[in-house]
1. Taking amide H atoms as placed 1.01 Å from N in the peptide plane, list the residues 5 or more away in sequence, or in a different chain, whose amide H sits under 5 Å from that of Gly76.
2. Among Ala283, Pro227, Ile332, whose Cα sits farthest toward the positive end of the charge dipole of region 2-351 (+1 at Cβ of Lys/Arg, -1 at Cβ of Asp/Glu, about the Cα centre)?
3. What is the Cα centroid distance between region 256-291 and region 166-229, reported in whole angstrom?
4. Please list, in order along region 335-346, the HN-Hα scalar couplings obtained from phi with the Karplus expression 6.51 cos²θ - 1.76 cosθ + 1.60 (θ = phi - 60°), rounded to whole Hz, x for Gly and Pro.
5. Find the relative contact order for region 2-351 and round it to a whole percent, using C-alpha pairs within less than 8 Å whose residues are 6+ positions apart.
6. Would you please give the FRET efficiency between Gln6 and Ala179, computed as 1/(1 + (r/R0)^6) with r the Cβ-Cβ distance and R0 = 45 Å, to the nearest 0.05?
7. Mind listing the long-range amide H neighbours of Thr64? Cut-off is under 5 Å, sequence gap 5 or more, other chains count too, H placed in the peptide plane at 1.01 Å from N.
8. Please report the antiparallel percentage of the DSSP beta bridges confined to the chain, to the nearest 5.
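Just so it is clear, none of the values below were taken in a lab; they were calculated from the coordinates. Not measured: the values here are computed from a predicted model. Here Cβ is always computed from backbone atoms with ideal geometry, including for glycine, and neighbour counts include all displayed protein chains.
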Amino acid sequence: MNALYQRIIKPVLFKFDPEAVHDVFVSLGEFAGRFTLLRRIFGFFYDYRGVDISKVVDGIAYRTPVLLSAGFDYNGRLTRILPALAFGGEEIGSVTAHSCEGNPRPRLTRLIRNKSIVVYKGLRNRGVDALIARLAHTPRVPGFVLGISIARTNEEAAATDATAGIHDYVESFKKLTTAGIGDYYTINISCPNAYTGETFADPKLLTELLPRLREVPCDKPLYLKMPISVPWEQFAAILDIADTNGVHGIVIGNLNKNYRDLAYPEDTSGEFRGGLSGAPCFALSNELIRKTRAHSGKRFTIIGVGGIFTPDDAMAKFAAGADLVQLITGMIFEGPGLMKQICERYAEETAS
Ligand SMILES: Cc1cc2nc3c(=O)[nH]c(=O)nc-3n(C[C@H](O)[C@H](O)[C@H](O)COP(=O)(O)O)c2cc1C
């Protein structure tokens with residue numbers, strides 16, 4: 001099945017606009033998820049069936065330690081099909097308090113030799129109310145974990161006024177917790193392609209945001225999605241603020257803003273047109289996971305994400321200190337069999 005994807009399906013898909021392909025796949029995935037037979041067929045080829053590799057993290061049981069990262073399933077349409085692809089959970093979103101149209105097209109550009117996607121989505125999503133309505137009416141697949149990533153609405157008002165920005169995050173968080181939707185929540189403070197960028201990665205503003213979020217009654221884990229293109233001093237300051245504000249975990253991390261980290265920077269015009277996913281995130285994320293463990297010990301759960309294309313890549317994240325891993329770009333470049341391969345490798349390593 002992997003050879004089929006690499007030799008036939010991927011070359012055809014990669015001839016079309018990435019966002020159009022993405023939209024078609026989300027629609028197909030949503031459709032397939034509705035039918036037991038189709039879920040079983042996908043599961044037959046792509047689900048993990050080996051020894052028990054389940055893991056409990058912050059009180060949540062994951063069937064496998066591999067999750068779909070935020071940015072693929074913005075509107076929570078794939079919750080029923082993803083378990084058949086060996087995922088133990090997904091991070092839905094990022095969702096925002098109000099719906100967002102996103103940035104002007106092109107919002108996604110493949111850099112094939114670089115094993116990367118330039119992401120300029122601008123948080124295109126239908127908003128938190130639509131997400132809650134959808135998930136409230138979608139049957140849950142037992143054991144499949146739903147994290148919800150919350151970002152600030154990508155519009156001028158919420159972006160330029162810090163108080164409005166805080167209110168926006170809190171509004172989404174309150175609505176989700178009140179509705180009981182989501183097993184954990186990740187606050188995305190590091191979207192590089194929204195108005196005014198990563199405003200709340202500024203330690204001063206984060207110090208204002210987190211206490212407001214902690215006022216919302218919530219007995220589920222709260223995580224922070226970290227920027228990876230910031231100096232270590234700023235990263236460490238964010239960790240310290242997260243520590244004092246009762247944040248449970250750290251997702252390391254978001255897209256890379258530095259085009260000089262591409263293997264072939266000449267494949268872009270050089271002008272910043274969104275953050276880079278995939279290979280340019282790999283080493284940076286691993287290094288920050290290691291440094292976070294050295295800085296904060298076992299204080300935080302760490303979810304490692306960025307540039308996982310092979311089981312070895314995933315194992316490198318666990319070896320650096322990650323409790324769970326997430327991916328998107330690897331699945332697009334390597335195919336839907338990647339997650340099962342990672343699980344098989346994880347089973348071998350943890351058994352020995
Ligand atoms: C198309 C796309 C959209 C993304 N949108 C979001 C988002 O809305 N929120 C977020 O926290 N991360 C977003 N990301 C970043 C991913 O969650 C992930 O951190 C990054 O892509 C590195 O992982 P990867 O190399 O496995 O793709 C997006 C990534 C991609 C490729």
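1. Close amide H contacts, sequence-distant or interchain: Gly93.
2. The one lying farthest along the dipole's positive direction is Ile332.
3. Measuring centre to centre over Cα atoms gives 24 Å.
4. Listing the rounded values in order: x, x, x, 4, 5, 5, 4, 5, 4, 4, 5, 4 Hz.
5. Relative contact order comes out at 18 percent.
6. 0.65
7. Correct list: Gly88.
8. Values: 11 of 39 bridges.
Close to 30 percent.
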